[in-house]
Amino acid sequence: MSENKGVWVFSENYDLTLEMLGKGRKIADMLRTELVAVLVGSNVQEKANDLIKHGADKVYLVDNPALERFQSEAYLSVLHNLTANYKPDILLIGSTKNGKPLAARLATRLETGCIPDCSRLSVDEKGRLIGERITYGGNAVAKVTFRSKPQIATIPGRAFAKLEPQDRNGEVTKLDVKIEEPKTEVVETKPLETSSVNIEEAKVIVSCGRGLEKKEDKALLEDLAKILGGQLGNSRPLAEDRKWFTEWVGLSGHKVKPKLYVACGISGVIQHVAGIRDSKMIVAINNDPEAPIFEVADYGVVGDLYEILPALTEALNKQLQ
Amino acid sequence: MKRIIVCLKQAVDVSQLKVDPKTNQLLTASAPKKISDFDKNALEEAIRIKEKLGEAEIYTVTVSSEDAKAVLREALAIGADKAYFVNDPSFQDVDTSATAYILTEAIKKIGEFDLILCGEASLDSFSGLVGSRLAELLNLPLIASVRKLTVEDNTVVGERTLEDAYETVKAKTPALITVTREINQPRIPSLMMIMKASKKEIVTWTATDLNIQKEKVEGKIDVIEVLAPKTERKKIMITGENKEEIAEKLAKALIQEGVVGR
Ligand SMILES: Cc1cc2nc3c(=O)[nH]c(=O)nc-3n(C[C@H](O)[C@H](O)[C@H](O)COP(=O)(O)OP(=O)(O)OC[C@H]3O[C@@H](n4cnc5c(N)ncnc54)[C@H](O)[C@@H]3O)c2cc1C
């Protein structure tokens, strides 16, 4: 067990890789060990230097036409081969829809533990990694650590910040790995229209729930968002049931941390609240005085959003002049 | 398609979970339990496949250290043909590696199957690892987080939503699929179905029945603490004679707090 060393990061998502390097750098410094980025793909060598600039001491590069796109067994065999040979102490894997199953299967092959969706990471006095994650449907935060190595944690997007790129020295090692036969075949991919602005980075979010009767009525929220310098958000049913949006805020959606979160016609069910907990300030507008959202709000207004929103926009307009 | 196995977790009903205000500990032991939502979607999907193809047996497998008979009866009422219950006090606090190992041993003992369906994650711990771990242990093709599933002869096709793309993935059976909540709307069993279910079989196995190795159940992770997050919110209610007055007070408060973005 003691022979494992180094902090490694891997994600098929490049931005997430850089974010994990940001946190990985701090952990590696604390443990006085090296930070390794695993770079997998086809014709990707030019990215190696950028990974070093973002904090990596070493890059393990596996470049192969068969790895051009993510394929479960192919990527799994590369990571398995590398981790079994070089035995990292810690491995951070991006918690994407493909990355999480990858992490779970790799942990199974290596007979080790995996802590998913860690929004915070620290190291204890024995040098063990501690991951913090939201659990029980948003009711709790669990602190979890490992009994086995490598310690594998999956990391959601935007939990950690990238480092400013710097000119640093690092080592790039190109490796040849035997790639396993795929068991599944991707027969079609279609791009998904996602909002160009990342809601995780929004300073102000005006968010609507099922209290909004028609999709067009979101103009009321847009007017307020405009004067507040913010953007729109929404609860899950507006995406999943009503299909007005493709994304949502909450436990199973985006976890946001704005200065101001205005919840309009949102009841404040725990799964939604789990995604807004890190907001600096929460304002709730709801016509039900018993709505649980008021329990987690700094300012609450019991009232009809169709009346309060236009009045609030107007009042802000006046006062900000 | 002859046999579909659905893995069902008995989960804490998180919507009814209470917190001890003194210690911030969750009162999980006294909280009501139910079939984990995502697993219910998996069961519903199995029933729809059976209805479409006409013939297939649906077996559920549940691993728990506690009594879970009520949950198993419900699964049988919804439409499972047989429920396997792997029940042993040593399974308390199992982690995802141990759960996947126990499920693997149970499924090997059940024998042949064409498809295993699991929820993408569980309602309470929300780890989302067991299905993938199980696929690996059983050496099966895995299609994870499927929101639409099509089954033909000996292939399965799953549609998934990734962060930036929709993807359609094909695999040969036997295969393991994890499903999202969007995949279907689970049915509610009728009184008739509930009555019929009382005649269906529940097979109970202990750790010994499955030759479970003790050290593999101990798990690979340690939970240090599980605490309700402290919310320190102001909880100020803004009231007034009319909407204009309320709006003015709120606008003033927001500007004073310095949270207005411009
Ligand atoms: C495993 C799991 C994960 C989930 N993940 C998420 C998640 O990530 N994000 C999420 O949002 N949900 C999630 N949910 C769903 C969640 O449980 C709730 O169903 C959802 O958040 C409720 O959305 P809502 O507040 O918009 O709707 P409702 O609960 O229906 O609330 C609507 C509110 O609007 C108020 N209202 C109605 N009309 C007006 C009006 N004219 N003016 C003012 N107020 C009005 C009502 O009083 C009510 O409080 C999840 C559920 C599960 C089981």
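Structure summary
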| read-out | value |
| --- | --- |
| Restraint check, B:Lys2/B:Lys170; A:Lys190/A:Lys255; A:Lys100/A:Lys280, Cα-Cα greater than 21 Å | A:Lys190/A:Lys255; A:Lys100/A:Lys280 |
| Buried solvent-accessible surface, both chains (B, A), 1.4 Å probe, Å² to nearest 100 | 7200 Å² |
| Selected from B:Val203, B:Val12, B:Val146 as most flexible by GNM, with chain B as the system and alpha-carbon contacts under 10 Å | B:Val203 |
| Distance between the range A:152-198 and the range B:162-204 - C-alpha centres, whole angstrom | 31 Å |
| Heavy-atom accessible area order for B:Arg181, B:Arg3, largest first, 1.4 Å probe | B:Arg181, B:Arg3 |
| Shielding score for B:126-139, defined as the mean number of other chain Cβ atoms within 10 Å | 6 |
| Residues in the range A:123-151 reached by a label modelled at B:Ala29 [backbone nitrogen below 15 Å; 7 Å Cα→Cβ] | none |
| Cα-Cα pairs of chain A separated by more than 29 Å (percent) | 45 percent |
| Peptide A:296-307, shielding by other chains (average Cβ, 10 Å cutoff) | 5 |
| Global form of the protein assembly as shown, assessed from the alpha-carbon gyration tensor, a/c cut-off 1.5 | oblate |
| Share antiparallel - DSSP beta bridges, the protein assembly as shown, percent rounded to 5 | 35 percent |
| Accessible-area value, B:Met193, 1.4 Å probe, nucleic acids and ligands omitted, Å² | 60 Å² |
| Peptide A:125-138 - average C-beta neighbours from other chains (10 Å radius) | 4 |
| Summed residue charge, Cβ within 10 Å of A:Glu19's Cβ, Lys/Arg positive, Asp/Glu negative | +2 |
| Quarter of the Cα convex hull surface for the range B:111-262, i.e. its orientation-mean projected area (nm²) | 18.9 nm² |
| Dimensionless Rg ratio for the range A:7-174, taking C-alpha atoms and the 2.2 N^0.38 Å reference | 0.97 |
| Global geometry of the range B:93-147, whether rounded, prolate or oblate, following the gyration tensor of its Cα atoms and the 1.5 cut on a/c | oblate |
| Farthest toward positive dipole pole in the range A:7-174 [+1 Lys/Arg, -1 Asp/Glu at C-beta], among A:Leu102, A:Val44, A:Thr112 | A:Thr112 |
| GNM flexibility winner over chain B from B:Glu245, B:Glu136, B:Glu232 (Cα, springs under 10 Å) | B:Glu245 |
| Probe 1.4 Å - accessible area at A:Arg128, Å² to nearest ten | 70 Å² |
| Heavy atoms of A:Phe245 accessible to a 1.4 Å probe, total area in Å² rounded to 10 | 50 Å² |
| Charge-dipole axis of chain B as Lys and Arg at +1 and Asp and Glu at -1 on Cβ define it, positive-most pick from B:Leu117, B:Leu210, B:Ala247 | B:Ala247 |
| Cα gyration tensor shape for the range A:102-157, rounded if a/c is under 1.5, else prolate or oblate | oblate |
| Angle between chain A longest axis and helix A:14-31 axis [Cα atoms, degrees, rounded to 10] | 70 degrees |
| Dipole-positive endmost among B:Ala144, B:Thr99, B:Thr60 within the range B:3-216 (Cβ charges, Cα centre) | B:Thr60 |
| Bridge type composition, chain A - antiparallel percent by DSSP, nearest 5 | 20 percent |
| Accessible area in square angstrom per residue, the range B:3-216, 1.4 angstrom probe | 44 Å² |
| Surface/4 estimate of mean projected area, convex hull on alpha-carbon atoms of the range A:199-320, nm² | 6.5 nm² |
| Share antiparallel - DSSP beta bridges, chain B, percent rounded to 5 | 40 percent |
| Angle in degrees between helix B:243-257 and the longest Cα principal axis of chain B, rounded to the nearest 10 | 90 degrees |
| Amide H contacts under 5 Å for A:Ala140, placed H, 5+ residues apart | A:Thr135 |
| Exposure rank, largest accessible area first [A:Val206, A:Val302; 1.4 Å] | A:Val302, A:Val206 |
| Of all accessible heavy-atom area on the protein assembly as shown, the percent that carbon and sulfur account for (1.4 Å) | 47 percent |
| Bins of 10 Å, starting at 0 and running to the largest distance - Cα pair percent for chain B | 6, 26, 29, 18, 10, 8, 3, 0 |
| Residue-averaged 222 nm ellipticity for the protein assembly as shown, from DSSP H runs of 4+ at -39500 (n - 2.57), nearest 500 | -8500 deg cm²/dmol |
| Net +/- balance of residues flanking A:Lys183 in space, Cβ distance below 13 Å, scoring K and R +1, D and E -1 | -2 |
| Spin-label model distance (nm) - A:Arg147 vs A:Glu240, 7 Å beyond Cα toward Cβ | 3.3 nm |
| Alpha-carbon centroids, the range A:79-122 and the range A:280-321: separation in whole Å | 43 Å |
| Nearest-ten-degree value, helix A:99-109 long axis tilted from longest Cα axis of chain A | 40 degrees |
| Rounded to whole Hz, the Karplus (6.51, -1.76, 1.60) HN-Hα couplings of the range A:229-235, x for glycine and proline | x, x, 9, 8, x, 7, 7 |
| Local electrostatic count at A:Asp223 - Lys and Arg +1, Asp and Glu -1, tallied over other residues with Cβ under 13 Å | -2 |
| Solvent exposure, largest accessible area first (probe 1.4 Å, DNA, RNA and ligands not counted), of B:Ile4, B:Ile224 | B:Ile224, B:Ile4 |
| Fluctuation leader among B:Glu241, B:Glu163, B:Glu105 - chain B, Gaussian network, Cα springs under 10 angstrom | B:Glu241 |
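The values are calculated or read from the model by the stated rules, or taken from the named source; none is laboratory data. Since this is a predicted model, take the numbers as computed values, not measurements. Heads up, the Cβs are rebuilt from the backbone with ideal geometry, glycines too, and the neighbour counts pull from every protein chain shown. Please note that ligands, DNA and RNA were not included when accessible areas were found on the heavy atoms of the full protein model with its side chains. Shrake-Rupley method; radii C 1.70, N 1.55, O 1.52, S 1.80 Å.
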